[in-house]
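Peer 1: Could you have a look at this structure, given as structure tokens, before my questions?
Just so you know, all these numbers are worked out from the coordinates, no wet-lab data involved. Because the structure is predicted, anything quoted here is derived from the model rather than measured. As a convention, Cβ positions derive from the backbone with ideal geometry for all residues, glycine included, and neighbour counts pool all protein chains shown.
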Amino acid sequence: MSMRRLLTQFLLMAGAGAVLAAGGGTFAKDKPASWKMIEDALFRVNDAPVKDWGVYQTGKRRDPLLIQMDKRFLLIRIHDRQVFEVDPARVQHKADELLWDPSDRPAQPLDITEWDASDTEAVFRIRAKIITEGRLLDVELPHQLDLSGMSPHPPAANRRQ
């Protein structure tokens, strides 16, 4: 077999493999992610509390966030400055978590203005106004406190016997 023919066959096989690898994710349904509630989060709409709400994250990551507002769900992608409407029928409720696949969202985000993501020593705050509804969303996520250095006892190596 000539070198040219061998190279052609190799390139065809590599191209076919690349096509299959790229399309493989579109046929298989992704596994839903586990979303845990952020217990100490605060959420307000138009500067007023919401009756039934929750702010959820996957693992320890706080981007993206899944917001439950009554029976409605919103996905907030902080880094991309986007808010998406989520079909509540696709969100599964479990005992202490929600199951939902973040790739199962609309192609187009909601139209928003007044985006602000600010970080202070105490909280990380996200604000965005949904243009079509005139609703200003306000999420506050307190930073995790590191209390490891606040023990009233000296470290074991420095204690007197």
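Peer 1: Quick check on packing: order 66-76, 131-141 by the mean number of other C-beta atoms within 10 Å, highest mean leading.
Peer 2: Packing order, densest peptide first, comes out as 66-76, 131-141.
Peer 1: So if I place +1 on the C-beta of Lys and Arg and -1 on the C-beta of Asp and Glu, and nothing else carries charge, what would the dipole magnitude of region 33-142 be about its Cα centre? I want it in debye, nearest 20.
Peer 2: Its charge dipole is roughly 180 debye.
Peer 1: When a/c is below 1.5 the answer is rounded, else prolate if a/b is larger than b/c, else oblate, so apply that to region 33-142 with a ≥ b ≥ c taken from the square roots of the Cα gyration tensor eigenvalues.
Peer 2: rounded
Peer 1: For region 49-88, list residues with backbone N below 15 Å from a point placed 7 Å from the Cα of Ser34 toward its Cβ?
Peer 2: Only 57-61 pass the distance filter.
Peer 1: Each label point is 7 Å from the Cα along the Cα-to-Cβ direction; what then is the distance between the points at Val123 and Ala95, in nm?
Peer 2: 3.2 nm
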